[in-house]
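One structure is given below, encoded as structure tokens.
All of the numbers you see were taken from the coordinates with simple rules; none came from a lab. Computed from a predicted structure; not experimentally measured. Here the Cβ positions follow ideal geometry from the backbone for every residue, glycine too, while neighbour counts run over all protein chains shown.
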Amino acid sequence: MTQRRLVLPLLAFLVSILAFGAAWLTFDPMQETPTSAIGGSFSLTAQDGRTVTEKDLLGGPSLIFFGFTHCPDVCPTALYEIGQIYKALGPDGDRVKTFFISVDPERDTPEILKTYLSGFDPRITGLSGSLEAVASVEKAYRAYAKKVPLDGGSYTMDHTALIYLMSRKGRFLSSLNVDRPPEENAKLIASYF
């Protein structure tokens, strides 16, 4: 009887190890795996006035960054880094879409976004919309944004500073580490073409 009590847990453990091993052998880190917790439907206005939805993410890898035009350092740095990634990608950069979603739609109209983004890579598309539409996208992408009052009645925005890498099917893959050289991020993005 004691032997049987030891054999059953041992068999269960061995079956679990075999199942885990089989799953590990079939795991492909480059395969697009759906992450439903991040992403979703949206409808925003681009700096050229056209409507952009989640369907615009389809067809190739995309980058999404939440920011605002009055941002003193994080946003311009991230947009500069994205430009360096485009340079590292060379001609393949045209296969990547980048969306800069404003977390400050009260000030960031399409016209303001157009002017602001003219100083960065032209493949970066600025998006804005109503407060409700932007809040909905922030929620879908689990992005944080909060208005922070400043002296004199002005304000700044506290916000998530991740660059989201989305698959050609519009699914979240990972965030980019901007501390890595642009060539490494370019190589990662190119692995999803």
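What is the sum of charges around Lys87, taking Lys and Arg as +1, Asp and Glu as -1, for the other residues whose C-beta is under 10 Å from the C-beta of Lys87?
Every neighbour counted, the sum reads -2.
What does the charge count around Leu150 come to, taking other residues whose C-beta lies under 14 Å from its C-beta (Lys +1, Arg +1, Asp -1, Glu -1)?
Working: positive: Arg107, Lys146, Lys147; negative: Asp104, Asp151, Asp158.
Computed value for this residue: 0.
Would you work out the Kirkwood radius for region 43-190? I mean one over the mean of 1/r across all pairs of different Cα atoms, in Å. Write down the numbers at each step before the final one.
Details: mean 1/r = 0.0649 Å⁻¹.
Final number for the Kirkwood radius of region 43-190 is 15.4 Å.
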* Add +1 for every Lys or Arg and -1 for every Asp or Glu among the other residues with Cβ under 13 Å from the Cβ of Ala78, and state the total. => -4
* To do: Can you figure out the FRET efficiency of Lys187 with Asp151, using R₀ = 35 Å and their beta-carbon distance, to the nearest 0.05?
  => 0.20
* Using the structure shown, select from Lys139/Lys169; Lys147/Lys187; Lys55/Lys139; Lys97/Lys139 the pairs with a Cα to Cα distance greater than 24 angstrom. => Lys147/Lys187
* Asked: In terms of Cα to Cα distance under 25 Å, which lysines are near enough to Lys146, apart from those fewer than 8 places away along the same chain?
  -> Lys114
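Could you order peptides 117-127, 147-157, 59-69 by the average number of other Cβ atoms within 10 Å of their residues, highest first? Intermediate results must be reported in sequence, preceding the final value.
On the way: 117-127: 17.5, 147-157: 10.5, 59-69: 21.9.
Put in order of decreasing packing, that is 59-69, 117-127, 147-157.
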